[in-house]
Each structure stands twice: as C-alpha cells, then as structure tokens.
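The values are calculated or read from the model by the stated rules, or taken from the named source; none is laboratory data. A quick note: this is a predicted structure, and the numbers were derived from the prediction, not measured. Cβ sites come from the backbone with ideal geometry, for glycine too, and all protein chains shown count toward neighbours. Each accessible area value is taken on the protein alone, full model and side chains, heavy atoms only, with ligands, DNA and RNA left out. Shrake-Rupley method; radii C 1.70, N 1.55, O 1.52, S 1.80 Å.
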Amino acid sequence: MIEMLTWGFGLIEGPRPDPEGGLYFSDVTRGGVHRLDPDGSVTVAVPKRRGVGGIALHADGGLVLSGRNVCHVRDGVTRILFELPDVGGFNDLYADEAGRVYVGSLRDDPFSDRTERKSGEAYRIDGEADATEVYRDVGLTNGIGLSPDGRRLYHCDSAAQAILVHTIDDKGDIDPSSRAVFATVTGGIPDGLAVDTDGGVWVAVYGGSRVERFAPDGTSDRSLPVPAEAVTSLVFAGQDLGDLVVVTADNTEHPEREGTVFLFPAADVGARGLPAPLARV
C-alpha cells in the first residue's frame with residue numbers, strides 16, 4: 001500500500017537516497033533542496049536554490065545540483081561545474097561509474113504549452129568547466145539514466161512523449177546516430193525515470209497519475225497508480241533498493257498537502273533499483 005512520507009511542497013523533483021537512510025529532494029518552484037531524515041523530519045540541505053531537477057551525491061561529500069547551472073555544493077560552498085550563457089537551465093542529471101555527469105539542457109520554458117519549442121542538448125561533464133555535448137535535439141529534457149551494463153543511456157523527451165535511447169561505446173562515447181525511440185508514453189508525459197537491475201525503465205508519468213515500467217525491449221509491462229496527477233520523478237530506495245519513492249507536484253486525495261513524497265513498499269514493486277554512482281567531477 002502506498003504511503004505518504006512528507007508533503008506541503010510545490011513541485012518536487014530530483015529524489016536521491018543517501019547511505020544513511022535519508023532522501024534528498026528539491027522544490028523546483030518554491031526553492032530549496034531538502035533532506036527527509038530517517039526519523040521523518042525534514043531539514044534544508046541547500047536553501048533557496050530554484051529549478052533543481054536533478055541531484056547526485058558527490059564522492060567528496062555534498063551534492064551535485066542542476067538549475068541555472070550545474071554545481072557542486074558542499075558545506076555551504078558552491079562550485080560551478082558547468083554553465084552556458086545561452087541556456088536557461090539544466091534539468092535531470094545522472095552520474096556514470098566513472099563519476100562523470102550526464103545532464104540535459106533547457107533552452108525554452110519547461111512550463112510553456114507551446115507546441116513548438118527550442119530544443120536542448122545532452123552534455124557529459126568530465127570535470128570542472130570540462131563538458132562535452134553528446135547529442136542534441138531533445139525537445140524538453142527530463143529523466144536520464146543508464147542501463148545496468150552502462151552501455152545504454154535513456155533520456156525522456158517530454159515534448160515528444162518518448163524515452164530516447166543512445167548507445168555508449170567502449171570508450172564511453174555516444175554516437176548521436178545510435179538514437180532510437182525506446183518507448184512512447186501515452187496518457188501523460190514522461191518525466192523522471194529510474195532503471196532497475198533487470199534493465200526495466202520506470203517512468204513518472206506527469207498528467208497520468210501513475211508510474212509505468214517498460215521492459216528492456218521497450219514494451220510496457222507494469223503500472224502503479226499514484227494519487228496525484230502531476231507525478232514528476234521517482235527513485236529506488238530502502239533496503240536493497242527495493243522500495244520505490246515517487247514525488248509529485250500535487251495530491252489528489254489530500255489537495256491541501258500539495259507536492260508529496262510517496263513510498264511504494266518493495267512488496268508492491270517487485271523489482272530492485274540500481275545504486276546511483278557518485279559524481280566525481
């Protein structure tokens with residue numbers, strides 16, 4: 001049975017568990033990165049910062065955050081890793097086993113309802129002020145993650161209502177021509193994603209009141225209803241990464257609770273997530 005862990009936020013994004021049993025998440029619209037402590041209390045980890053769509057733990061401590069730039073925040077000190085003057089912001093991000101960070105850029109208003117928008121790109125950040133564009137033409141960047149073997153990069157393009165996939169070679173490079181549509185999402189918009197140990201891709205369906213799983217061949221094989229319309233992201237957490245944390249921008253059963261952090265226990269999920277690698281940039 002789904003459980004509500006905490007609530008009272010705007011648009012929640014970027015959930016990421018830590019080894020101590022805590023959970024980091026952001027409030028995109030109201031600002032701040034928060035930590036849900038194991039005792040259920042919520043503390044502010046990074047105050048005020050808005051537009052944080054992705055969070056990664058850093059090997060040296062602290063957090064790597066998206067937003068108007070990609071930065072590393074540790075002990076209250078912010079180190080900018082990557083920024084572009086003509087990019088309005090960056091959304092979801094994910095680290096690979098080498099500690100490099102993949103992130104998607106936003107060149108248009110993500111909340112616009114225009115049918116035509118300026119597309120963004122995906123970048124791989126190899127170090128401070130050292131980033132490479134790995135492909136472009138992503139209409140509205142959202143969830144990003146890697147297959148269990150690290151050879152496939154999944155990327156939600158919400159404008160196309162699709163999950164894109166690109167192949168990563170032995171050198172860790174991506175051939176843009178390898179792009180394929182892994183899956184198309186109907187009845188909502190693909191937002192955040194997470195990959196399980198069997199290669200299944202779990203997607204938060206914004207406007208669809210659900211989380212949907214796609215098997216490694218791209219076919220939809222499981223759906224979990226969420227008591228929210230604006231389902232924004234998700235992450236595996238808990239013992240053996242068997243629980244599924246889902247975050248939202250609303251709550252249809254208790255509208256006054258607004259953005260909510262939900263938990264599906266392992267017994268209802270039937271899968272285990274991949275441990276997120278630490279950023280080392």
Among the residues of the range 1-37, count how many are closer than 18 Å to Glu258 by Cβ and out of contact with any strand residue (DSSP E or B) (no Cβ under 8 Å at 6 or more places or on another chain).
2
In this structure, does Gly172 turn out to be modelled with pLDDT under 95, on the phi > 0 side of the Ramachandran plot, open to solvent by less than 40 Å² (accessible area, probe 1.4 Å) and of a type outside the set (S, T, N, Q)?
yes
Going through the range 107-157 one residue at a time, which ones are in contact with a strand residue (DSSP E or B) (Cβ under 8 Å, 6 or more places away or on another chain) and of a type in the set (Phe, Trp, Tyr)?
Tyr123, Tyr135, Tyr154
Taking into account only those residues within the range 23-48 that are among the small types (Gly, Ala, Ser) and crowded, with 18+ Cβ neighbours inside 10 Å, which is farthest from the chain's Cα centre (by Cα)?
Ala45
Give the residues of the range 9-44 that are closer than 23 Å to Arg100 by Cα and part of a strand (DSSP E or B), sorted by residue number.
Glu13, Gly14, Pro15, Arg16, Pro17, Leu23, Tyr24, Phe25, Ser26, Val33
All-but-one check, Glu253 against (1) part of a loop (DSSP other than H, G, I, E, B); (2) over 15 Å from the mean Cα position of the chain (by Cα); (3) closer than 21 Å to Pro148 by Cα, failing number (3)
List the strands (runs of 3 or more DSSP E) that sit entirely inside the range 53-162 and contain at least 3 residues that are farther than 24 Å from Gly31 by Cβ and at pLDDT 95 or above.
120-127, 130-138, 152-157
Check off (1) open to solvent by less than 30 Å² (accessible area, probe 1.4 Å); (2) more than 20 Å from Leu274 (Cα to Cα) for Val103 and give me the number that stays unchecked.
(2)
